[in-house]
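Reviewing the structure listed below.
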Amino acid sequence: MNMRTFGLLGYPLSHSFSKTYFREKFDREQITDAEYVNFEEADLHMFLSKASKREDLKGFNVTIPYKEGILPFLDSISDEASWVGAINTVKRVDNKLIGYNTDVIGFRESILPLLNSSHRKALILGTGGASKAVKYVFDEQQIASLFISRHKERGHLVYEQLTPELLGNYTIIVNTTPLGTYPKEDEAPLIPYEALSPDHVVFDLVYNPAKTKFLQAAEAQGAAIKNGYEMLELQAEASWAIWNE
């Protein structure tokens, strides 16, 4: 039996959701011809050189700091990945590397069940790679969205501009920043939480802790809340589907 190798490329990888998830998946589903390992590589070029010599390596996930840096080394990328400008899944076929972005799939399938016809405007907190995938989904669903940034940028608002009146009109709020992630659980985006209501859907891409300070404050105002754990699971399953199609 030929073992197929998959893994997670990044640096550092102090905690890997992906490694634990796939190992449990392989055990649960009795997948015996695959392994999932961490590629904790400080040098992207070194990793790609080693990867090209491994026939067993069939694909890998990509995390910080290589989600954008790996783009020039890919032979082709999916339409979604091209739009987002970031890669989190790579498939290896005949020693060619094909890039995908499963953030889009994960976020879409995770948030859509929470939305109804009244949810037509969204605020996206943060402007990193994941925020682009969130905007892609909102554009696709014809939901108007605004980026909120700490620094003034063209077309973006800054946190100081978030008034209660604005939040009253934007009933979807998504945190794509790492604020509130363990061990800095006391941090949260600076928004006027008192303006939130049961009409709001508040989504946090952070999943550790399960209920961030951001989500706690939103829940206290009656908003529907969700963290990023299911999104991660959906991303992982989308990666597996890509590698096996």
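Points worth noting:
- Of the residues making up region 91-106, those that are among the aliphatic types (A, V, I, L, M) and touching a helix residue (DSSP H, G or I) at 6+ places or on another chain (Cβ under 9 Å) are 97, 98, 104, 105.
- Taking the listed residues 179, 190, 215, the one that is part of a loop (DSSP other than H, G, I, E, B), among the aliphatic types (A, V, I, L, M) and surrounded by 17 or more Cβ atoms within 10 Å (Cβ to Cβ) is 179, with no other qualifying.
- With respect to being in contact with a strand residue (DSSP E or B) (Cβ under 9 Å, 6 or more places away or on another chain) and surrounded by fewer than 16 Cβ atoms within 10 Å (Cβ to Cβ), residue 91 falls outside the description.
- The residue of region 175-202 that is nearest to residue 219 (Cα to Cα), among those that are touching a residue at least 40 places away in the same chain (Cβ under 8 Å) and out of contact with any Asp or Glu (no Cβ under 8 Å at 6 or more places or on another chain), is 201.
- So residue 150, is it at pLDDT below 95 and of a type in the set (Lys, Arg): yes
- Any hit, region 168-175, residues being in contact with a strand residue (DSSP E or B) (Cβ under 6 Å, 6 or more places away or on another chain), hydroxyl-bearing (Ser, Thr, Tyr) and assigned to a loop (DSSP other than H, G, I, E, B): yes
The values are calculated or read from the model by the stated rules, or taken from the named source; none is laboratory data. Note that this is a predicted model, so its numbers are computed, not measured. Counting neighbours? That spans all protein chains shown, and the Cβs are built from the backbone with ideal geometry, glycine included.
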